[in-house]
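J.: Here's a structure for you.
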Protein chains: 2
Amino acid sequence: MERSPVRPSRPETDAAAPQRVLDALRRDIILGALRPGARVTEAALAATYGVSRIPVREALRALEAEGFVESKPYAGSTVAKIPLDDAEDLFAVRGVIEATIARRAALRAAAHFTGEAPSTEWWTARRALAAILDDGDRAVAADALADLPDLNIRFHLGVAELSGSASLAALLRQISGKIEWLYAADVDNRGKQSWGEHRLIIAAIDAGNADEADRLMAGHVGSSQRGYMERFAAPDGTGTGAVGATGTDAAARG
Amino acid sequence: MERSPVRPSRPETDAAAPQRVLDALRRDIILGALRPGARVTEAALAATYGVSRIPVREALRALEAEGFVESKPYAGSTVAKIPLDDAEDLFAVRGVIEATIARRAALRAAAHFTGEAPSTEWWTARRALAAILDDGDRAVAADALADLPDLNIRFHLGVAELSGSASLAALLRQISGKIEWLYAADVDNRGKQSWGEHRLIIAAIDAGNADEADRLMAGHVGSSQRGYMERFAAPDGTGTGAVGATGTDAAARG
DNA sequence: CGCTGTGTTATTGAATACAATCACCGCTAC
DNA sequence: GTAGCGGTGATTGTATTCAATAACACAGCG
C-alpha cells in the first residue's frame, strides 16, 4: 500500500518519554553502569529506548544541567567525572540546605497549631512521607538494604516538599544526586542505622519545633558525612581534613 | 502550488542559538520584561528570535530546570512565581555556598605557596577576575551603577571558578539567578559601597588565608542580605524575622 | 439565568529529513 | 620515522510535518 506523499511517518506523542529516558540514564550513571568518560550518543539511546532522538536530546540536556554529562557542540556527550574532590564541600552545603528545610517545615507545621489550615499539598506531602517511612521500616526489618538508598532520597525530597520551598527543594535535588553518585561509586548504602533517625526528625517537624528539627537534620547529615569520610579517607591531599571549618560548623551545630 | 518534493527547507545549524535564546529569555524574566504568570509560547519566541521551535524548546527546558518557568504537558509554559517567600532561606544558603567557595579558593592559592604550580585554568580565572575588578572600579568611578549587577554576578562566579569546584559553581549559578531576580523585582542594584569589599576578599584568597576569606565572604553576603531585608521588610507573616537562626548564623559568623 | 456538554482552535510533543561540524584514518612530504 | 594534511565517516544541530492534548467558546438544556 502506498502511503500518502507527504507523510513519511506518524509521530506518536508520548509526553512521558523524556522523563523515562532521563530517569533511566541518571540511574545508570549514578549506579555505575555508565562509567565517567563513556560516550553517550543520541542515536544509540534512541534505539535503546525505542524513541526518536528528540526526547533523548531533552534528557541529555537536563543531565547536562544537573552536571552528570558534559557536551561539546558537534562533538557529542560524555559522562562527567565524579566530583570526588568536592565531597566534603557538597556535604557541608547539603547540611545547611537540609537543616534549613527541616526548620522551615517545622515552622509551617507550627503555623497549623495557631489556626492556619494545612493546604492540600501539605497533606499530600505528609501522607507520602508517612508511606515512605513505613516502606523504609519494612525494608530495614526485611534486611532489604538495596531499597534504602532510593527510599532515603525520597525521604529527604519529601521533607523538602513539606517545607513548601520550591527553591530549596530544587537545590537539594541537584546536590543530593551528586552525593548519591559519590556513595554509589564504591558502596551502595551506608547501612540502616541512620534510617531510624528519620522518624525523630519528622516528630520534631510535626511538633513545630524548628530548632530541634534543624539540629536533628544537621546531625543526621553530619553523621552521614562522617561515615563517608571514614570510608574514603581522602587519599588526595587537597586540604581535606583542614577544610572542615565550614563543614563541621554546619554538621555539628547544636 | 506544489512545492519541491522532498526539500521543504534547508536547516541552518547554529549551535549558539539555544544559548542566545536562553540568555535573552532569562534576562527578560529577571529584569521584569516578562512578568510572572505570563504565557511564553514557543512559536512566538521562535518568530521573535528568527529560529525554529527546537532551539526555543531547549531554552525553555533549561529555564524550567533553573526554576524560572513552569511547564505542563500540552498546556504550555508560563513564567514562574518570584520566590519571595524563600528570600531569607536563599540568602542563608547562598552565604554558606559562597563562604565555602572562598575558603576553597584560598586553600588552592595556599597550595601554590608550597610548591604546587598553578594550573592554566587557574591563571585564566584569576586574570578574568582582575579584569572584572578593574571594570567594576571604573563603573563605580563613573557612577555607571547600571553595570554593577552584571559585574557583581560575574565576580562571584569568577571566584567560584577560582575555587576549582564545578559542583559548587553550579549550585551558586542556580541560586544567584534567583537572588538577582529578587533584587530586580523592585530595585535594580544595592549601591556601590559593597563593591569595594570585593578586593579585600580577593586579597585574602591570594594570600591563602582560608579563614579570612570565609569570614569576609560570609559578611559580604550577609550585608547584602540585610540590605534586602531592610528594603522589603517582609510584608507577609510567613515567619520571616524569626526564621533567622540558620540565616544569621551563616551571615554573621565571624 | 446558570450549568454542562460538545465542537473548535491553538499549542505542544515527537518523528523524519537535511546541513554542518568534528574526529579519525590513511597518505604524503620531509 | 615522524609530522602535517586532506578525505571520509560518524554525529550533532535545526527545520519541517503530523499527532495529541488542553483551553476556550458557544449552544443546548435544566
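J.: If ligands, DNA and RNA are left out, what is the accessible area of A:Met229 with a 1.4 Å probe, given in Å² to the nearest 10?
T.: Accessible area, nearest 10 Å²: 50 Å².
J.: Put the label 7 Å from Cα along Cα→Cβ for B:Ala131; what are its distances to the other copies, in nanometres, shortest first?
T.: Shortest to longest, the spacings are 5.3 nm.
J.: Turning to a different aspect of this structure: State, to one decimal in nm and shortest first, how far the label point of B:Leu31 sits from each corresponding label point in the other identical copies (label point: 7 angstrom along Cα-to-Cβ).
T.: Inter-copy label distances (nm, one decimal, shortest first): 4.7.
J.: Going by a 1.4 Å probe on protein heavy atoms, which residues of the range A:77-102 end up with at least 50 Å² less accessible surface in the whole assembly than in their chain alone?
T.: Residues meeting the cut-off: A:Asp86, A:Asp89, A:Val93, A:Val96, A:Thr100.
J.: Which of the chymotrypsin sites (Phe, Trp or Tyr not before Pro) across the range B:62-166 are loop residues per DSSP, with 10 or fewer other Cβ within 10 Å?
T.: Details: sites: B:Phe68, B:Tyr74, B:Phe91, B:Phe113, B:Trp122, B:Trp123, B:Phe155; in loops: B:Phe68, B:Tyr74.
The qualifying sites are B:Tyr74.
J.: I've got another one for you. Distance check, please: which entries in A:Lys81/B:Lys178; A:Lys72/B:Lys81; B:Lys72/B:Lys178 exceed 25 angstrom between their Cα atoms?
T.: On the way: A:Lys81/B:Lys178 27 Å; A:Lys72/B:Lys81 33 Å; B:Lys72/B:Lys178 21 Å.
From A:Lys81/B:Lys178; A:Lys72/B:Lys81; B:Lys72/B:Lys178, over 25 Å: A:Lys81/B:Lys178; A:Lys72/B:Lys81.
J.: So for the range B:1-130, what are the equivalent ellipsoid semi-axes in whole Å, largest first, each being the square root of 5 times an eigenvalue of the Cα gyration tensor?
T.: Details: eigenvalues 324, 122, 23 Å².
Output for the range B:1-130: semi-axes of 40, 25, 11 Å.
J.: Still on this model: So, for the range A:17-79, what is the accessible surface per residue at a probe of 1.4 Å, expressed in square angstrom? It would help to have the intermediate numbers written out before the result.
T.: Values: 3430 Å² over 63 residues.
Value for the range A:17-79: 54 Å² per residue.
J.: Given the options A:Ala47, A:Leu63, A:Leu22, identify the residue whose Cα lies farthest towards the positive end of the charge dipole of the range A:17-79 (+1 on Cβ of Lys, Arg; -1 on Cβ of Asp, Glu).
T.: A:Ala47
J.: Next question, about the same structure. Applying 1/(1 + (r/R0)^6) with R0 = 51 Å to the Cβ-Cβ distance of B:Arg53 and A:Asp147, what FRET efficiency is obtained, to the nearest 0.05? List each step's numbers first, then the result.
T.: Details: r = 41 Å, r/R0 = 0.81.
So the FRET efficiency works out to roughly 0.80.
J.: Hey, what do the phi angles of the range B:50-59 turn into as Karplus ³J(HN,Hα) couplings, whole Hz, using 6.51/-1.76/1.60 and θ = phi - 60°, x for Gly and Pro?
T.: Values per residue, Gly and Pro as x: x, 10, 7, 6, 4, x, 4, 4, 4, 5 Hz.
J.: Let me ask you something else. Which of the residues in the range A:35-74 lose at least 50 Å² of accessible area when you go from the chain alone to all protein chains together (probe 1.4 Å)?
T.: Buried on complex formation: A:Glu58, A:Tyr74.
J.: Give me a comma-separated list of calculated 3J(HN,Hα) values for the range A:138-148, in order, Karplus coefficients 6.51, -1.76, 1.60 applied at θ = phi - 60°, integers in Hz, x for any Gly or Pro.
T.: Result, ordered by residue: 4, 5, 5, 4, 8, 6, 8, 5, 5, 7, 5 Hz.
J.: May I ask you to list the GluC sites (Glu not before Pro) in the range B:105-187 that are in a DSSP loop and have at most 12 other Cβ atoms within 10 Å of their Cβ?
T.: Values: sites: B:Glu116, B:Glu121, B:Glu161, B:Glu180; in loops: B:Glu116.
Answer in residue order: B:Glu116.
J.: Next up: Could you compute how much accessible area chains B and A hide from each other, both sides summed, with a 1.4 Å probe? Nearest 100 Å² is fine. Write out the running numbers ahead of the final one.
T.: Values: alone 14320 and 14250 Å², together 25260 Å².
Interface between B and A: roughly 3300 Å².
J.: Treating the beta-carbon of each Lys and Arg as +1 and of each Asp and Glu as -1, no other charges, what is the dipole magnitude of the range B:29-106 about its Cα centre, to the nearest 20 debye?
T.: Details: 10 positive and 10 negative charges, 52 e Å.
Rounded to the nearest 20 debye, it is 240 debye.
J.: With just the Cα atoms defining each centre, how far is the range A:214-233 from the range B:15-85? Give it in Å.
T.: 39 Å
J.: While we're on this one: Mind giving me the FRET efficiency for B:Arg231 and A:Gln193? R0 is 35 Å, r the Cβ-Cβ distance, nearest 0.05 is fine.
T.: So, using R0 = 35 Å, E works out to roughly 0.15.
The values are calculated or read from the model by the stated rules, or taken from the named source; none is laboratory data. For clarity, every value in this text was computed on a predicted model and none was experimentally measured. A quick note on method: Cβ atoms are made from the backbone with ideal geometry, for glycine too, and the neighbour counts reach across all protein chains shown. Protein only, heavy atoms only, side chains kept; ligands, DNA and RNA dropped before computing areas. Shrake-Rupley method; radii C 1.70, N 1.55, O 1.52, S 1.80 Å.
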